[in-house]
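Undergrad: Structure below; questions to follow.
The values are calculated or read from the model by the stated rules, or taken from the named source; none is laboratory data. Because the structure is predicted, anything quoted here is derived from the model rather than measured. Glycine also receives a Cβ, built like all others from the backbone with ideal geometry; neighbour counts cover every protein chain displayed. Keep in mind that these areas ignore ligands, DNA and RNA; they rest on the heavy atoms of the full protein, side chains included. Shrake-Rupley method; radii C 1.70, N 1.55, O 1.52, S 1.80 Å.
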Amino acid sequence: MTNETTAPTHDHVQYGYSISMVIKSFKGRRDVEVHLFRSTWDTIDASDFDWDTLISGQQGENDSSRNVILETFSSEERDTIINYLKEQYSTRITAIRSTPIELPVPSGMTGLSQIAPNKSIGIIEFEKIPSYSLGLPMKGLYDLDRHPPIVEE
């Protein structure tokens, strides 16, 4: 299992780490990449963020690019999540990756929480898993069409 991390690119925001994991087999597919994200941010005071510095280009008050930043994790949360994934899913996960997002984020980007599930794209709701104990509002987004089937047709 690989684990990649680097330091955040901007000191003025405590969030900014993206996390993904690769599951060996999931829903009939092989090596499925799941992008983890914060599903709610009620506890984050977004008014403290310097949005003019964090988002580039013309932006409105409800710019979806804000979600891109708010969906990320702090370095402490990242470490907690990675340790949890290693303990809970060590035999099912082949890789865990974490990198800081590049700031500033372009205006108009879509956050993972804004992507609607369909036949191929799905959401893992960690808070509904009985063994999930972190207390972080976390979900995972995957796209099955991007991964080979376990059994070729």
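Undergrad: Restricting segment 101-115 to residues that are farther than 19 Å from residue 60 by Cβ and in contact with a strand residue (DSSP E or B) (Cβ under 7 Å, 6 or more places away or on another chain), which is least open to solvent (accessible area, probe 1.4 Å)?
TA: 101
Undergrad: Specify which of the listed residues (120, 90, 98) is of a type in the set (Ser, Thr, Tyr) and surrounded by 14 or more Cβ atoms within 10 Å (Cβ to Cβ).
TA: So the residue among 120, 90, 98 that is of a type in the set (Ser, Thr, Tyr) and surrounded by 14 or more Cβ atoms within 10 Å (Cβ to Cβ) is 98.
Undergrad: Check 126, 73 and return the single one that is under 21 Å from residue 43 (Cβ atoms), hydrophobic (A, V, I, L, M, F, W, C) and out of contact with any helix residue (DSSP H, G or I) (no Cβ under 9 Å at 6 or more places or on another chain).
TA: Of 126, 73, the one residue that is under 21 Å from residue 43 (Cβ atoms), hydrophobic (A, V, I, L, M, F, W, C) and out of contact with any helix residue (DSSP H, G or I) (no Cβ under 9 Å at 6 or more places or on another chain) is 126.
Residue by residue, here is whether (1) more than 19 Å from residue 49 (Cα to Cα); (2) hydrophobic (A, V, I, L, M, F, W, C) holds:
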{"position": "83", "(1), (2)": "yes, no"}
{"position": "88", "(1), (2)": "yes, no"}
{"position": "92", "(1), (2)": "yes, no"}
{"position": "97", "(1), (2)": "yes, no"}
{"position": "101", "(1), (2)": "no, yes"}
{"position": "104", "(1), (2)": "no, no"}
{"position": "107", "(1), (2)": "no, no"}
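Undergrad: Kindly indicate whether any position in segment 129-147 is modelled with pLDDT of 95 or more, assigned to a strand (DSSP E or B) and touching a Pro at 6+ places or on another chain (Cβ under 9 Å).
TA: There is at least one residue in segment 129-147 that is modelled with pLDDT of 95 or more, assigned to a strand (DSSP E or B) and touching a Pro at 6+ places or on another chain (Cβ under 9 Å).
Undergrad: Can you report the number of residues in segment 123-151 which are surrounded by 10 or more Cβ atoms within 10 Å (Cβ to Cβ), among the hydrophobic types (A, V, I, L, M, F, W, C) and more than 15 Å from residue 89 (Cα to Cα)?
TA: 6
Undergrad: Here's something else I'd like to know. Out of 95, 116, which single residue is part of a strand (DSSP E or B) and not charged (D, E, K, R)?
TA: It is 95.
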